[in-house]
1. Taking the simple approach of a point 7 Å from Cα along Cα-to-Cβ for both Asp255 and Glu139, what is their distance in nm?
2. Suppose the chain between Ser284 and Glu410 were pulled fully straight at 0.36 nm per residue; how much longer would it get relative to their current alpha carbon spacing?
3. Compute the FRET efficiency between Gln292 and Glu163 as 1/(1 + (r/R0)^6), taking r as their Cβ-Cβ distance and R0 = 35 Å, and round to the nearest 0.05.
4. Using just the C-alpha positions of the range 271-412 as equal point scatterers, what log10 of I(q)/I(0) does the Debye formula give at each q in 0.20, 0.21 1/Å?
5. Which of the peptides 277-288, 67-78 is most tightly packed, and how do the rest follow, going by the mean number of other Cβ atoms within 10 Å of each residue?
6. How big is Rg to Rh over the range 81-343, alpha-carbon atoms, Rh as the Kirkwood inverse-mean-distance radius?
7. Can you tell which of Val251, Ala114, Leu196 lies farthest toward the positive end of the dipole of the range 81-343, using +1 and -1 charges on the Cβ of basic and acidic side chains (Lys, Arg; Asp, Glu)?
8. Among 370-383, 121-134, what's the highest-first ranking by average C-beta atoms within 10 angstrom per residue?
Amino acid sequence: MKSLSIICYLFLFPLILQNNLKAQDIDILIKNGHVFDAKNEIDGVMDVAIIGDKVFRVAKNISEAEVKKVIDASGMYVCPGLIDIHTHVFVGSRPKKFVDGSYSLSPDDFTLRAGITTVVDAGTSGWRNFPKFKEQVIEHSKTRILAFLNISGSGMTGDDQQEDIDEMDVGKAVKCIETYPDIIVGIKIGHYTGDLWTPFERASEAAKQAERPMFVECHLPQYSLKDQLDRMRPGDIITHSYEKISERSSVIGEDGLVQPLVFLAKEKGVLFDVGHGGAGFWFSEAIPALKQGLLPNSFGSDLHRFSMNSGMKDMLNIMSKYMAMGMEEKDILLRATWNPAKSIKREDLGNLSEGAVADVALISVRDGNFGFVDAGKNRITGNKKFEAELTIRAGKIVWDLNGISATPFELK
Ligand SMILES: [Zn+2]
């Protein structure tokens with residue numbers, strides 16, 4: 001008898017509740033948009049209904065009678081909120097610092113307007129100062145902020161401290177992840193100029209123990225690209241994948257072809273993130289890579305004070321760049337939503353499943369004459385550009401470029 005009542009409670013009650021929900025219970029109904037949800041293989045004109053902070057239903061022709069707010073998304077994509085897995089958002093008052101400083105950015109100022117509802121901070125903090133990052137930024141942002149924890153205890157201090165191997169403590173890093181398992185999605189290694197493999201190995205060990213990916217930012221001039229890729233495990237993520245700098249050999253060999261060792265790493269399961277930043281993206285690498293089949297898995301922007309004011313700008317601009325380079329729109333949207341969610345093992349995100357958190361981006365593709373610039377100030381042109389019309393974070397409208405959710409004004 002007891003088990004029967006448990007079954008009723010767990011299965012039947014929610015079904016009854018769902019079927020009894022009427023149109024007037026729907027808070028937001030997005031009508032007539034082109035829904036793109038790779039996880040659920042939805043790619044066509046549908047309506048999306050939101051109740052509270054959750055997706056209630058995705059279907060054709062949902063009745064709009066007595067719905068609290070109807071938004072017409074005709075001609076727009078309706079996607080899961082975009083996910084940027086490479087940002088630096090530990091903003092604070094310290095001048096010329098990424099850690100708690102002015103080189104990082106306040107996420108809500110730059111994300112919501114680009115359709116982004118989730119960012120991953122790429123190791124700006126480590127086990128020593130993650131709690132401060134959480135208290136100071138994560139808890140006070142509308143944007144969902146996740147983190148790769150730097151193996152270096154104090155993160156990106158920009159001085160000798162970030163290279164101190166004694167600070168790269170596997171046990172303390174893993175303990176920090178265990179304390180904040182819903183926020184920390186992996187371990188980052190980067191910005192180490194010594195000639196030991198110890199930092200890389202410790203980052204890899206911490207990631208292994210925590211069963212999360214290692215994120216390789218690879219400002220590691222002493223490690224060759226081959227050595228790095230060889231030491232990465234399936235599911236680990238390398239960023240700045242298309243950079244051309246003296247610190248690290250390019251993915252493209254001198255013969256103009258993607259190096260075989262790169263394809264071997266891809267086959268092994270290493271994931272390639274764009275990591276555009278100020279220096280991490282060059283057309284001379286990215287265009288041959290795209291033509292030869294080395295597509296990025298995700299469009300991490302490496303958002304920071306400098307990249308946003310140079311060729312990078314924002315993740316939508318990177319996506320538009322790939323459109324100008326010839327990538328199909330759906331392939332681009334996949335790499336901005338479901339792919340990054342899977343790469344950080346957060347399959348609750350990056351989709352519009354019924355019951356999922358209502359993080360939604362309405363995106364237009366604008367026609368016009370546009371220019372796109374890489375890290376070397378080289379320019380290509382294109383005639384289409386992605387633009388974020390409206391962003392919803394956990395059921396709340398947090399960005400509305402043209403006021404499509406607002407009340408039409410009439411002078412009385
Ligand atoms: Zn970075």
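Where a number appears in this text, it was derived from the coordinates with a stated rule and is not lab data. Keep in mind that this is a model prediction, so the values were computed, not measured. Methodologically, a virtual Cβ is constructed for each residue, glycine included, from the backbone with ideal geometry; neighbour enumeration extends over all protein chains shown.
1. So the label points at Asp255 and Glu139 sit 5.7 nm apart.
2. 40.1 nm
3. The computed FRET efficiency comes out at 0.45.
4. -1.31, -1.40
5. Ranking, from highest mean packing down: 277-288, 67-78.
6. 0.94
7. Of the listed residues, the answer is Ala114.
8. On the way: 370-383: 14.9, 121-134: 24.8.
For the peptides 370-383, 121-134, the packing ranking is 121-134, 370-383.
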